[in-house]
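Notes follow once the structure below has been shown.
The values are calculated or read from the model by the stated rules, or taken from the named source; none is laboratory data. Note that the structure is a prediction, hence the values are computed from the model and not measured. Note that each Cβ is placed from the backbone with ideal geometry, even for glycine, and that neighbours are counted across all protein chains shown. Keep in mind that these areas ignore ligands, DNA and RNA; they rest on the heavy atoms of the full protein, side chains included. Shrake-Rupley method; radii C 1.70, N 1.55, O 1.52, S 1.80 Å.
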Amino acid sequence: MTRYIARRLLSVIPLLIAVSLIVFGMSKALPGDPVAIFLQQADIANPELVNAMRDKYGLNDPLPVQYWTWLSLMFQGDMGESIRRGERVSDLLFRGMRNTFSVATASVALVIVVGWTMGVLSAVVHNRAWPQAITRFLAQAPVLMISIPGFAVAVFMVLIFGISLGWLPTSGVSNPREGDDVIDLAKHLILPTIGLALASVGGNWRLARNTMIEVLREDYIRMAHAKGLPLWRVYFVHGLRTTLVPLLTSAGLLFGSLLTGSFILEYIFAWPGIGLLLVESTVNRDVPVVMGATILIASLYIVLNLAVDILYAIVDPRVRYA
Amino acid sequence: MILRSGAAAVAGGVGAAALAACGEAEVVEKTVTVTVTEVKEVVKEVPVETVVTKEVVKEVPVETVVTKEVIKEVPVVEVREVEVEKVVTQEKVVEVEVEKVVTQEKVVEVMVENPKADSLVIGLPVTARVDDLDGSQVYEFQTKIHAFCTSESLLLYDYQTQTLKPRLAESWEVAPDATSVTFTLREGVTWHNGDPFTPEDVVFNFNRIFRDDDPYHAEGTFYYNGFAQPFYGDTEVLDGRTVRVNLTQPDALAAEKFGALDSSYMAHPPSVMEHGNREYSTDVDKYVGTGPYIPVELRPAELVRMVRNENWWGPKPDFDELIFRLFPGGQAGADARVNALLAGEVDVALYTPATRRNDLFRTPGIGAKWFSNFVLGYFYINHTFPLFQDNRVRQAVARSFDRVSFYEATAGPTVLPWGRFWFPGSPYLNDAAELDYDPAQVASLMQDAGFSMGGDGVWANGDMRAEFKIQYSGDPGAPPDRETFWMQGLNDLGFSVELDAWDPAIRADFDSGPFAQQNLNVGGWGVGVFLGDPAFAYQRWTAGDFFALSYMDNAEMNQLYQDILVEADADNRTSKVHRMQEIAADQVPWIPSTVSTLGAAWREEKVTNVTSGATQYSYPWLYKVAPV
């Protein structure tokens, strides 16, 4: 296992270099000069200043020199400085990732707690003599969740719970009047998390339900029943363990997609996460930030995939790596 | 009563004469006239002051306990004269004393646990540096709002009156030959750390801002110093309160440029030397200014927190604490800002979007305003394009845009439709120099230019058809409403116009982009003007880069610009600027479209009004916010 992990990690390096080359090439191929765009937004008429700033950020160097400078600094842990914000790219990414990580983690937690639980529950009651209204609800509710776009629900929730009722904050990560504590952060997380996770809760609910129903039809489950094991043990030890394999894969991929795909929710809730940062930086041709963010996200995907693979082995002992 | 007495006397005289004529015994009647005077007292109430002392308990923050007495006059009784009867023959006014209560409020100080009770939270769209607190280096308009709370310039350009006002300098004088400007500094000004503000500080700052060879200039990025730098020679200290800026060439605008321009803000020299001039840092001790508020917390992408500077030289600002809550730029941040205001998370929201104006106007307890500012929206017009080489055609095109109808239908108060070459309410505005919508004049101008209406409904002059493109930056499938509206209007008036989309990212490329002269027909652009003085704006006529207002090179206009640079007489300057606008209306180097506005909305439970302040972006409105 250790050799496997080490080999996977080493294979990441050429992949990241390839990613950086592609992103660098694409960012340079885009029309528009980052310094001119930056100054144009402030309506500054000073060609000397434009040239001085281009010098400062190395934009007057030949492209290979620019790339090599960036790469060598990157290996020294220096991702450069944002043209637009002046801040170190590493600081910007850390802050953006911290904010996105918090909402993505909360979303995955919601998916696990609500989606998986309800999915497993609805599989357990499947074909049982429960009231039809309940079984239908358990079967149809996730379809409804998947059908309604999360961002539309988010806007609606802001109007109801934020503006009309005043129960929850409408945007941002903290209330400047109340301080910066965990409870305040939790309050700010509720609406973005629901908006971000809604469709995934529905999807995982259905996935858990279908998988569990399939698993409960397996021979080894029948054997467990025949052995006279208590129902809870059959369902939640033998059945659930097998069900978890595809669910873990789904959660791993979901976490990765939430880290990069939360832009719309970050947009609606003015949540200063990595998605909003990446889109703003791309629009403004803030190349150092775009490069740094892309490498970070690619690395995260790779690490997450690796983590999921390792979890497979833990959950399902049949999975082994040579 | 007087009438009745007179009638009795006349009747007595007539009766005596009649008796004598009849020969009867003579009875002498003596007419006695009695005048009865009734005296009626009219009560007139005259106020005398009675002082009632009333204790008002006011919570004040623990850190800033301030004693103040408020005297408030409350007229309790209204004095009214009452006429009782009309038969009064003589009025004797009896003065009756009534109470006029003067309430004297004595503020009793109570220490409260929450020191942020008098905080004001302002929602701002900010995407740039959170540490941009040095007014001479900040570049983003929105960021200036909090930067200008902490740092100050020598003078203030008052956009309302378009005059200079004292700030860190009490007075100023431009030399008669316009080769220097002398500033007399205000007494008793201190930096936030308590150090006195001195003439040597001004020398340090002007050198770091305007001299390329200054060691602290190299570290900084002074985005807006380009207007003044070519004129700067040096600064010398004349005495303990006076400095003189010597110019390299005459400039009648020296006081504006060096006293009030965005780049001329003062930073505490030892702090600059210790912390560097431009190194990014969220350390609040890095920047030390003189302004009414002191920064105490900087959280990137989240907030800037400031507390009141109790030692500020000006009137005491209203709020103990200002918190600028930072939102993303664009529509996302704008919506979130309005939502936060409606939910009570912020007290004031700035740059409120047009799309939410109905929400703001209809919500009880929310006040909203849009202030016009000094950003003129306009269209470029390429006068070298064959169709547009005749200025009458350019005028016709400019007069074909029904700005008022369009902006009333789409933008409400958030922009001001504008067909003139200077700003509303300004003494420099030549109101007669306009290019307002006028279909009849469009036809007349085209006919004067030799065009006649063709069978296809398009103006033509020989082989030349009135055919061109309106260019815009953006998605080819989603042209802006403004350009679409105007295109339809032009087509209705006999032009053949198409829309042409360009990638927004290359619009700043003036060699090959959409505004390159060989590519441009008509295109939307826009410009900010840093001061309300036309010399700054019209300088762009001659600037020759892509921020210039026009490609056009007009000898009279160029000369007028050079003249007003050294024209110290206000009336002469105004008349020259008026002439510049006449030339612009005649030559149509660009087509004015709008004057931008800055939207502000606020919760009336916290503030009663927000004024636009004296500057465009602007520092003083923050303490002109009227608290409840």
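Suppose accessible area is computed on protein heavy atoms with a 1.4 Å probe; arrange B:271, B:444, A:164 from highest to lowest. Don't jump to the answer; show the numbers that get you there.
Values: B:271 10, B:444 50, A:164 85 Å².
The most accessible residue leads, giving A:164, B:444, B:271.
Stretched out fully, how many nm does the piece from residue A:48 to residue A:128 gain, at 0.36 nm a residue minus the Cα gap?
Difference between extended and current length: 21.0 nm.
Based on C-alpha coordinates, I'd like the Rg and Dmax of the range B:345-451, in Å.
18.3, 62
Running Debye on the range B:403-500 with equal point scatterers at the Cα sites and no solvent, what base-10 log of I(q)/I(0) appears at q = 0.17 Å⁻¹?
Log-scaled intensity ratios, in q order: -0.95.
Which ³J(HN,Hα) values in Hz, rounded to whole numbers, follow from the phi angles of the range B:218-224 under the Karplus curve 6.51 cos²θ - 1.76 cosθ + 1.60, where θ = phi - 60° and Gly and Pro get x?
My calculation for the range B:218-224 gives 4, 6, x, 10, 9, 4, 10 Hz in order.
Using only alpha carbon positions, build the gyration tensor of the range A:150-222, then give the equivalent ellipsoid semi-axes as the square roots of 5 times its eigenvalues, largest first, whole angstrom.
Values: eigenvalues 284, 43, 12 Å².
That gives 38, 15, 8 Å for the three semi-axes.
Whose amide H sits under 5 Å from the amide H of residue B:167, counting only residues 5 or more places off or on another chain, with H placed in the peptide plane?
Under 5 Å from the amide H of residue B:167 lie the amide H atoms of B:156, each far enough along the sequence or on another chain.
Averaged over every viewing direction, what's the projected area of the C-alpha convex hull for the range A:54-134? Give it in nm², one decimal, please.
Mean orientational projected area (the range A:54-134, Cα hull): 9.8 nm².
Determine by what factor the alpha-carbon radius of gyration of chain A differs from 2.2 N^0.38 Å, reporting the quotient. Spell out each step's value before the answer.
Numbers: Rg = 24.3 Å, N = 322, 2.2 N^0.38 = 19.7 Å.
Scaled against compact globular proteins, the figure is 1.23.
Could you identify which residue out of A:157, A:79, A:223 has the top mean-square fluctuation in a GNM of chain A using Cα springs shorter than 10 Å?
In this elastic network of chain A, the residue with the biggest mean-square fluctuation among A:157, A:79, A:223 is A:223.
If each Cα of the range B:166-206 is one equal point scatterer, what is log10 of I(q)/I(0) from the Debye formula at q = 0.23 Å⁻¹?
Cα-only, vacuum Debye calculation for the range B:166-206: -0.82.
Per 0.36 nm of contour for each residue apart, how much would the distance between residue B:311 and residue B:518 grow if the chain were fully extended, relative to their Cα-Cα spacing?
Stretched fully, the residue B:311-residue B:518 segment lengthens by 68.7 nm.
For a Förster distance of 41 Å, can you work out the FRET efficiency between the beta-carbons of residue A:76 and residue B:478, rounded to the nearest 0.05? Spell out each step's value before the answer.
Working: r = 44 Å, r/R0 = 1.08.
Computed FRET efficiency for residue A:76 and residue B:478 comes out at 0.40.
Please list the radius of gyration and Dmax for the range A:59-207, considering alpha-carbon atoms only, with Å as the unit.
Cα-based Rg and Dmax for the range A:59-207 come out at 22.0, 74 Å.
From the square roots a ≥ b ≥ c of the eigenvalues of the alpha-carbon gyration tensor of the range B:169-260, which class results: rounded (a/c under 1.5), prolate (a/b over b/c), or oblate?
It is oblate, given that a/c is not under 1.5 and a/b is not larger than b/c.
Could you work out which residue, out of A:256, A:172, A:195, moves most in a Gaussian network model of chain A, that is, has the largest mean-square fluctuation with Cα springs under 10 Å?
A:172
Which log10 I(q)/I(0) values does the range B:208-268 give at q = 0.20, 0.29 Å⁻¹ under the Debye formula, counting every alpha carbon as one identical point scatterer?
Here log10 of I(q) over I(0) equals -0.81, -1.44.
What span do the alpha-carbon atoms of the range B:281-386 cover on each of the three principal axes, reported in whole Å from largest to smallest?
So the three principal-axis extents are 62, 42, 29 Å.
I'd like the Karplus ³J(HN,Hα) series for the range A:2-15: coefficients 6.51, -1.76, 1.60, θ = phi - 60°, whole numbers in Hz, and an x wherever there's a Gly or Pro.
4, 5, 4, 4, 4, 5, 4, 5, 5, 5, 5, 4, x, 4
Hey, any idea what the orientation-averaged projected area of the convex hull of the range A:1-146's Cα atoms comes to, in nm²?
The Cα convex hull of the range A:1-146, projected and averaged over all directions, gives 15.4 nm².
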